[in-house]
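Single-structure report; data block below.
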Amino acid sequence: MAATAGPGVDEGGALARVDLRLVLPAAACWLVAALAVGLPSAVAAEVLPVAAAAAFTCAVVVVVVCAMHINRGWVRTLGATVAVIAASVALVCVSVFAHLPARFPGDASRLVGHSVSVIVTVDSAPVQTESQGFSGVEHSIRFSATATLLKTTMQHIELRMPVLVFLRSESAAPVSIGAQLGLMGKLQATDPGESVAALFFAEGVATVLAQPPWYLDWANRLRDSFRRSASVLPGAGAQLVPGLAIGDVSLVSDELNSSMITSGLSHLTAVSGANCAIVVAAIMLLGGAFRLSRRSRITLCLIVMAAFVVLVTPSPSVLRAAVMATIVLLALASGRTPRALPALALACVVMLVADPWLSRSYGLALSVLATGGLLLLTRPLHRLLSRWFPSGISLVIAVPLAAQLACQPVLVLLSPSISTYSVVANLLAEPAAPVATVIGLISCVAGAVVPSLASAGAWLTWVPASWIAGVATFFADLPGATLPWQGGASGSALVIIFTAAAFVAVFVRDPTLGAAENP
């Protein structure tokens, strides 16, 4: 297929093209997934098979018609795009339909509110919570898990139900990712479209039925060791050390978390997709220094990246980066030149087909928008700012500004305000993040061999982490740190309208500022 594109101008002034072939299929996939997972189970069981069949038929018809009767290149390109959109929609509908029976079987729905025995596999690290009870403050933990068996005196139901478990701290056995627990308690169904199908309020003592597999146990031990090393460090920076290195945010206080959000630095609270890119780039550079072949470096990258995802836990942002990096590495291995925007779009399609409920994840949406903003907006913003600043300074400003503009429509859905100093705060804090990540990861892994290295590495990681925490606190405490904004969908729409209007006003007047996708 020929490239379909938005026109832009490259560095030499020649016409450049942005490859948007997979962007529309990814957007359609996302929209359909978000709608489909919100359907009641009974409605979805009737609607989704019909929708999938119709979409698949549309894809086949378009391909056949274009192949047999149409010779014009642009019409073929349009037809190919429509066919890919229809095929993506069909795959998402099939995926949702296939997940529903195991996600919340009809027999399980009749047990909601009743006391049941359940076997779960732990999917996330436990988080401490407090609530006000009749006897005072009650301490408990919560963690996400996958329920594999529901038992009552009358029946046993096998399933794969994502649940959020609440368990009193004094009743908690050691909860490790990958462990299998036996619990007694009550189910409470959530609304369709939620990431978990039910809440499970445990009663009594949890029983460990099986330990995590070896690779998860390895990661659990590394995280626990590094967390203990960070817990004795002073100041707010200590709270960010585990998050920046291994994605563990259990030490982050509500006060620091609020400051990070207010200053626009919440993405630095824990490992994000950018950290995955840092790991891959480091492996490729080191492999080149040791004169490894391209295929050897790519293979090593895939292995290290898989270990990285296991260690830091697969959050939506990390998964997005890992899938996108895998696509890019496979393109390199095949001898093709990878392009970032199609890789991002394809990663979205792959993830949404694998787990359509990710379409409701704010974390994934922000990760995709930030990446897309960097790819599409950095270059035109750089050129625009270069009119008033030196090229290097304008680029440094353009990068966080591009990400902020792209993410703002979703950010106002989370908090009806705009971070006034976000761009400046990111300019100051962002350079410290990769330093903290690299040092923290190396010391965490090395600590498995020499335990004292974990402690030394935690102290080294504390230095950039303290800088980030200090920047967040400083800007969060300044007057006018946030501007109030309309909340909900209307507020998001206003952000989009104002941003688009500003871009049109600037770039229509001077088309030479147009963007081309970075290779």
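Rule-based calculations on the coordinates, nothing more; no lab input. Keep in mind the model is a prediction, meaning the values are calculated, not measured. As a convention, Cβ positions derive from the backbone with ideal geometry for all residues, glycine included, and neighbour counts pool all protein chains shown.
The simple spin-label model puts a point 7 Å past each Cα toward its Cβ; for residue 463 and residue 114 those points are separated by 6.2 nm.
Going by a ≥ b ≥ c, the root eigenvalues of the Cα gyration tensor, does the stretch 366-455 fall in the rounded group (a/c under 1.5), the prolate group (a/b larger than b/c) or the oblate group? Taking the square roots of the gyration eigenvalues as a ≥ b ≥ c, the stretch 366-455 is prolate.
Per-residue Karplus couplings for the stretch 298-309, computed as 6.51 cos²θ - 1.76 cosθ + 1.60 with θ equal to phi - 60°, are listed in order as 5, 4, 4, 4, 5, 5, 5, 5, 4, 5, 4, 4 Hz, Gly and Pro entered as x.
Taking each residue as 0.36 nm, the span from residue 306 to residue 127 lengthens on full extension beyond its C-alpha to C-alpha distance by 62.0 nm. Normalised Debye scattering of the chain at q = 0.05, 0.08, 0.09, 0.11 Å⁻¹ gives log10 I(q)/I(0) of -0.22, -0.59, -0.75, -1.14, counting only Cα atoms as equal scatterers and leaving out solvent. Backbone amide hydrogens, once placed in the peptide plane, bring residue 247 within less than 5 Å of 271, excluding anything fewer than 5 places away on its chain. Across all directions, the average flat footprint of the convex hull enclosing the Cα atoms of the stretch 132-280 is 12.4 nm². At q = 0.18, 0.21, 0.22 Å⁻¹, what log₁₀ I(q)/I(0) does the stretch 271-384 have when each alpha carbon counts as one equal point scatterer in the Debye sum? Relative scattering, expressed as log10 I(q)/I(0), comes to -0.95, -1.20, -1.27.
With unit charges on the beta carbons (Lys and Arg positive, Asp and Glu negative) and the dipole taken about the Cα centre of the chain, which residue among 413, 480, 388 sits farthest to the positive side? Checking the options against the dipole of the chain, the answer is 388. Test of the criteria: in the stretch 331-376, which trypsin sites (Lys or Arg not before Pro) are in a DSSP loop and have at most 14 other Cβ atoms within 10 angstrom of their Cβ? Qualifying residues, ordered by number: 336.
Do any chymotrypsin sites (Phe, Trp or Tyr not before Pro) in the stretch 193-291 lie in a loop, going by DSSP, with at most 11 other beta-carbon atoms within 10 Å of their beta carbon, and if so which? Those that pass, being in a loop and sparsely packed, are 290.
Note on the chain: with charges restricted to the Cβ of Lys and Arg (+1) and Asp and Glu (-1), its dipole about the Cα centre is near 1420 debye.
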